[in-house]
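Heads up: the structure comes next, in structure tokens.
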Amino acid sequence: MMTLATRTSPLLALWPLAVGLILFALAPALLNQGLVFLAGLTLVNIVFAQAWNLLFSTIGLLSFGQAMFFAIGAYAMAAGPQQAGGGPFLMWLGLSTGLGALAAIVFGIVALRRSGGIYFAVLTLAFAELVHVLITKTDWLGRNDGLTGIYRPKIELGIATIDLTQGDAYYWFMLVACGLASALLWWAGHGVLGRSFRAIRQDPVRAAFLGLDVDRHRLAAFAISGAASAFAGAVSAPWMQIVTPELAHWSMSTRPVLYALLGGAASFWGPAIGAILFGAVEYATRTMHGIADITTGLMLLAVVLAIPGGVMGLVMKLRARPAAAAPARPVASTTRPQEQTP
């Protein structure tokens, strides 16, 4: 008997995003200003982690240098208006995102054609350290001191002006911007392009035999991930109002990896959950001077060893248990019993 396969609407598939946005929208009303600031950083970290996971879980590329794109976006947003004497905020946001994509294309052409696997990961780490050194040696980027005094903008829309300098206005902008970025990353990973990415991850040789340009698709995934990471950095610069070379340090590149491991890299929403939990752990250990990093590391190690698939992996296992434990129902026979002859 034929059955009709049901397809989930893309809008219904984004219900976790809607729930998350509602919860973050409650932050200004329920939390103090310090926690609202941490909530804004968490929004940025979610996009940063999902951008990295687009490479890792969707197309199978491991990057240890994702921080260079985050730093490129942040410094472009900070130094661009200062050096050029201002300009429209949305223009600089677009340029910062474009610079991240351009940097990813340039580095990807070199890295993807000459290495793969762990060698690609090490090469991205080397590129990130190169960006870090260049920042510390450049005067107009502030060298080791970084850049301060980054303004929160006013968006001119012709018929109206949106003032993001007052109160929690910029937080609301971040909520909308990061929500849209997350939705676009979901679309990139679950649309036609995303299915091509997954085919390449599973078997690059077979994907090439079927007509997919493997190198071009990998470069496209790297460019999308770099653009999203740069977008996250650009949005965070006016929120923090300071950028430093630490944004390009190798330790910054480990953050999306930790978020994905904690929340579950196999799920698109896993890195988002990991970013939230990691932020909560950091906040809870903020008073442990000298041992905060050790405590955080041990807690993460315990979670990774106890739950290899992350939080989302544990949730999927718990959901699969009732279905596996349920006894199979007997199938009623539709044939008539044969008549017995005397």
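The values are calculated or read from the model by the stated rules, or taken from the named source; none is laboratory data. Predicted model, so just to flag it, every value in this text is computed and none were measured. Cβ atoms come from the backbone with ideal geometry, glycine included; neighbour counts cover every protein chain shown. The protein model used for the area step is the full one, side chains on, heavy atoms only, and it has no ligands, DNA or RNA in it. Shrake-Rupley method; radii C 1.70, N 1.55, O 1.52, S 1.80 Å.
Before moving on, here are some points about what is shown:
- Candidates in segment 246-281 are the residues that are in a loop (DSSP other than H, G, I, E, B) and over 26 Å from ALA126 (Cβ atoms); of these, the one that is least open to solvent (accessible area, probe 1.4 Å) is GLY264.
- Segment 19-45 residues that are over 18 Å from ALA284 (Cα atoms), paired with ones that are hydroxyl-bearing (Ser, Thr, Tyr) (beta carbon under 6 Å, 6 or more apart): VAL44/SER236
- Close Cβ contacts (under 8 Å, 6 or more residues apart or on different chains) running from residues in segment 207-236 that are in contact (Cβ under 8 Å) with a residue 24 or more places away in the chain and more than 17 Å from PHE69 (Cα to Cα) to residues that are aromatic (Phe, Trp, Tyr) and open to solvent by less than 40 Å² (accessible area, probe 1.4 Å) comprise HIS217/PHE197.
- When restricted to residues that are crowded, with 17+ Cβ neighbours inside 10 Å and of a type outside the set (S, T, N, Q), segment 282-305 contains 2.
- Any hit, segment 20-28, residues being part of a helix (DSSP H, G or I), within 16 Å of MET174 (Cα to Cα), open to solvent by 40 Å² or more (accessible area, probe 1.4 Å) and of a type in the set (Val, Ile, Thr): yes
- Boolean, PHE173 is open to solvent by 20 Å² or more (accessible area, probe 1.4 Å) and part of a helix (DSSP H, G or I): yes
- Inter-residue pairs, beta-carbon under 8 Å, first within 25 Å of PHE48 (Cα to Cα) and of a type in the set (S, T, N, Q) and in segment 154-178, second outside any helix (DSSP H, G or I) and open to solvent by less than 50 Å² (accessible area, probe 1.4 Å), 6+ apart: THR165/PRO153
- Restricting attention to segment 105-161 and to residues that are in contact with a His (Cβ under 9 Å, 6 or more places away or on another chain) and not acidic (Asp, Glu), the residue that is nearest to GLN83 (Cα to Cα) turns out to be HIS132.
- Qualifying residue in segment 116-125 (condition: open to solvent by 50 Å² or more (accessible area, probe 1.4 Å), in contact (Cβ under 8 Å) with a residue 24 or more places away in the chain and outside any helix (DSSP H, G or I)): yes
- There is at least one residue in segment 149-156 that is under 14 Å from GLN241 (Cα atoms) and of a type in the set (Lys, Arg).
- Residue match in segment 198-210 (condition: closer than 13 Å to GLN50 by Cβ and at pLDDT below 95): no
- Some residue of segment 205-215 being touching a Gly at 6+ places or on another chain (Cβ under 6 Å) and either in a helix (DSSP H, G or I) or open to solvent by 20 Å² or more (accessible area, probe 1.4 Å) (or both): no
- Every residue from segment 167-218 that is under 21 Å from the mean Cα position of the chain (by Cα) and among the basic types (Lys, Arg): ARG195, ARG198, ARG201, ARG218
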